[in-house]
Amino acid sequence: MRMVIMGALILVAITSFSVPEGLVKKSPADVVQTFRSAQHGRPEGLHSNNLLARAGDKAARQNAVHSNATLTAVPGIKVGHQTLAARPTGCTVILAEAGATAGVDVRGAAPATRETDLLNPVDIVQQIHAIVLSGGSAFGLDAAGGVMKYLEDKGIGFPFGGAHVPTVPGASLFDLPVGNPKIRPTADCGYEAARAATDEPVTEGSVGAGAGATIGKTAGLDRAMKAGIGSAALTLPSGLIVAALVAVNAAGDVIDPATGQVVAGVRTIDGQGFADARVLLRKAAPRNRSGGNTTLGVVATNARLDKTQATRVAQMAHDGFARAIAPVHTAVDGDLVFALATGSRTGEADVSHVGALAADVMAEAIVRAARQATGVPGFPALRDLRR
């Protein structure tokens with residue numbers, strides 16, 4: 001009698017579930033078999049398959065987020081490049097169309113910049129909408145005009161008198177020794193880079209602002225190498241994301257902080273090995289005094305920061321420069337770091353934590369810029385050397 005009652009209760013319990021349409025037409029026995037199969041790891045029927053499909057879709061979305069280990073891992077950040085292959089040179093645009101808090105820290109002695117004064121914590125502007133990195137030395141600052149036009153066309157910026165005025169700081173690196181120096185990024189270059197910007201993983205290597213970037217110039221340009229754009233990101237279990245993008249055009253060598261070894265830089269006389277700028281500096285003064293350098297970095301985070309905190313993060317991110325470039329911040333460099341905070345992650349941020357992570361991802365991005373580069377005549381990349 002007890003067995004009959006228990007069987008009836010089980011049947012009532014099963015048939016009282018909200019069963020998907022695909023199982024409604026099945027008999028109670030079929031339904032029981034479906035749930036038994038699920039318990040033994042062999043899901044059957046539309047309900048189980050739908051659950052697996054939904055779980056798979058969610059996992060795929062999560063994997064897609066975590067597989068993006070570049071600046072665009074930060075929600076709300078887009079990156080686009082425009083490369084002028086005829087020289088080569090170009091520009092790279094970082095869009096924050098919804099606005100972002102920003103700071104900047106300039107360490108090099110020969111910078112080419114635009115609108116960086118607005119990022120001073122005492123100034124009135126609280127949000128920016130894009131950052132432009134470009135080649136072409138000071139001429140390349142024109143690229144920002146095209147980005148402003150792109151944003152204005154989309155109605156992004158401070159509204160005034162029927163117009164919108166976006167805030168677009170920028171910086172340029174000195175790549176004029178590579179190719180024809182008369183070919184430079186213009187407003188059109190900036191517009192096209194902004195139009196190409198996406199939240200997909202950032203394209204790295206000798207593109208955009210890194211198209212004409214070189215490194216290892218302490219023994220002169222004839223022993224230098226090609227570099228470019230690199231990017232890296234960290235996503236913590238807490239949801240905090242800190243990412244970096246960098247255009248490496250340094251006088252010094254790129255060093256792997258994990259090993260202390262040269263990744264790329266000033267070459268030996270035969271052109272097939274590394275002379276190591278750190279060793280050369282202990283023997284004689286460097287030959288490169290032209291000012292043809294500058295490493296431009298951008299750090300982004302989803303943390304909520306004010307301008308003072310963003311500036312602190314930019315300052316701390318320079319530690320990544322010091323770990324991965326030797327020598328760095330010289331009198332012939334225009335090194336700087338921008339920091340962006342989108343604020344999409346709620347809660348109070350630990351600025352020292354964010355800054356420490358910013359230095360880590362910046363160093364990683366610098367190493368990637370050297371490893372992903374493509375050579376041009378007179379400036380081989382790491383991949384071109386016999387090893």
Hey, could you check region 177-193 for residues that are surrounded by 24 or more Cβ atoms within 10 Å (Cβ to Cβ) and touching an Asp or Glu at 6+ places or on another chain (Cβ under 9 Å) and say which is farthest from Leu118 (Cα to Cα)? Arg184
Kindly indicate whether Ala196 is of a type outside the set (Ser, Thr, Tyr) and surrounded by fewer than 24 Cβ atoms within 10 Å (Cβ to Cβ). yes
For region 192-307, list the strands (runs of 3 or more DSSP E) that sit wholly inside it and hold at least 3 residues that are of a type outside the set (A, V, I, L, M); which are they? 229-235
Where residues in region 246-260 are buried (at least 18 other Cβ atoms within 10 Å of the Cβ), farther than 14 Å from Ala277 by Cα and β-branched (Val, Ile, Thr), which of them is farthest from the chain's Cα centre (by Cα)? Val248
Just give me the residues in region 261-272 being farther than 23 Å from Ala331 by Cα and free of Cβ contacts under 8 Å to residues at least 60 places away in the same chain, in sequence order. Gln261, Thr268, Ile269, Asp270
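In this structure, does Thr374 turn out to be in contact (Cβ under 8 Å) with a residue 24 or more places away in the chain, farther than 25 Å from Thr268 by Cα and open to solvent by 20 Å² or more (accessible area, probe 1.4 Å)?
Numbers: in contact (Cβ under 8 Å) with a residue 24 or more places away in the chain: yes; farther than 25 Å from Thr268 by Cα: no; open to solvent by 20 Å² or more (accessible area, probe 1.4 Å): yes.
The answer is no for Thr374.
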Is region 286-301 home to any residue that is modelled with pLDDT under 95, aliphatic (A, V, I, L, M) and out of contact with any Cys (no Cβ under 7 Å at 6 or more places or on another chain)? no
Number of positions in region 210-245 that are within 30 Å of Arg184 (Cα to Cα) and surrounded by fewer than 24 Cβ atoms within 10 Å (Cβ to Cβ): 5
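Considering only region 283-300, I want to know if a residue exists there that is over 27 Å from Gly378 (Cα atoms) and surrounded by fewer than 19 Cβ atoms within 10 Å (Cβ to Cβ). I'd like the intermediate steps shown before the answer.
Here is the first cut: in region 283-300, the residues over 27 Å from Gly378 (Cα atoms) are 298-300.
Still in the running and surrounded by fewer than 19 Cβ atoms within 10 Å (Cβ to Cβ): none.
For region 283-300, residues over 27 Å from Gly378 (Cα atoms) and surrounded by fewer than 19 Cβ atoms within 10 Å (Cβ to Cβ): absent.
Can you tell me which of Asp105, Asp117 is more than 15 Å from Val242 (Cα to Cα) and assigned to a strand (DSSP E or B)? I'd like the intermediate steps shown before the answer.
On the way: Asp117 fails: assigned to a strand (DSSP E or B).
Result: Asp105 is the single residue among Asp105, Asp117 that is more than 15 Å from Val242 (Cα to Cα) and assigned to a strand (DSSP E or B).
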Taking region 122-176 as the region of interest, how many residues are aromatic (Phe, Trp, Tyr), outside any helix (DSSP H, G or I) and crowded, with 23+ Cβ neighbours inside 10 Å? 1
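The values are calculated or read from the model by the stated rules, or taken from the named source; none is laboratory data. Given the structure is predicted, the values throughout are model-derived calculations rather than measurements. We place every Cβ from the backbone using ideal geometry, glycine too, and count neighbours over all the protein chains shown. Note: accessible area is taken over every heavy atom of the protein model, side chains too, but ligands, DNA and RNA are not part of it. Shrake-Rupley method; radii C 1.70, N 1.55, O 1.52, S 1.80 Å.
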